[in-house]
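Derivation of every value follows stated rules applied to the coordinates shown; laboratory data play no part. Keep in mind that this is a model prediction, so the values were computed, not measured. Virtual Cβ from ideal backbone geometry, glycine too; neighbours counted across all protein chains shown.
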Amino acid sequence: MNAEKFFKTHSLEEISKKTKISPISLRLIRNKEFKKIPKVKFLGFIRIIQKSYNVDLNDLIEEYNTQTPQKNIQKNPQNSIPQKQKHKNSIFFIALLAFILIILGGFLLFNKLNSQKNATVINSTTLIKKQIPISSQIPNKPKKIIEINTSSNQKTKEINNSVESIKKLKEDNLTKKFKITIIPNKLLWFKAINIDTNKSIEYLTTHKKILPKGNYYIKFGHGDFNLTYNNQTISPNTKKVIRMLFKNGTYKFIKKPNKFKK
């Protein structure tokens, strides 16, 4: 059965009720108004119809590819993710590395100067011992050397503490990423974009899917599913298309597509 016979046999209301695809989208597919349907959305709907009715609609897909040039293919949402953040992160890490190198360079220079000063003090003390009687030697000279070394050790501890604080701050930021578990109650299409790596994945499934840890923007074909994120359970329970943003352990629903910040 080809696409034309299929739509003659089944009404749009019947198909919409069974597949949860809106009648408006079905009408555009039936009337072959392909320019009004993005390719990803069109292919997703065709797959749902084929699986629900066990029908072959490959002729409709071929006609879509023939009538729609490549420039009408929906832009990948990952391209709309701001790129300035990448540059900001690079500048931050470069500045951080430069700061650490400056501190280490200053520390090494301080140690070198301190060693030269200690050597001068020791040489001076030796010379005084040779020229001046023991009874007239300046007391407590070794204490000054010990005090300088103690100050040097304190500086080393402060620098080490600063480096450890920077490492701990970086680890705390990494722990804010959580995995997302999606459990469909029925056939579900969704597309997830990792806003940390700009990589996207797409599924049409009835099985549970676990996404790697990270921050995501996800678009769902409907809301009949359960989702766990950061020890939170989410059940939208709606037939409408849902868009959600998951970031640093929190989530929110987005009304318009691609209107989110990284």
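Need the full-extension length gain, residue 113 to residue 162, defined as separation in residues times 0.36 nm minus the C-alpha distance. One decimal, nm. Could the numbers behind the result be given before it?
On the way: separation 49, 0.36 × 49 = 17.64 nm, distance 2.26 nm.
Contour length minus the Cα-Cα distance gives 15.4 nm.
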As a footprinting exposure proxy, order 244, 1 by other Cβ within 10 Å, with the fewest listed first. 1, 244
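Checking the a/c ratio against 1.5 first, then a/b against b/c, what shape does the Cα gyration tensor give for the range 194-259?
rounded
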Roughly what would the spin-label model give for residue 248 and residue 65, points 7 Å off Cα along C-beta, in nm? 4.4 nm
What list do you get for 45, 253 if you sort them by fewest beta carbons within 10 Å? 253, 45
Between residue 198 and residue 47, Cβ-based FRET efficiency (R0 35 Å, step 0.05) works out to 0.90
Checked against a 29 Å limit on the C-alpha separation, the offending pairs among 168/199; 35/179; 179/256; 39/186 are 35/179
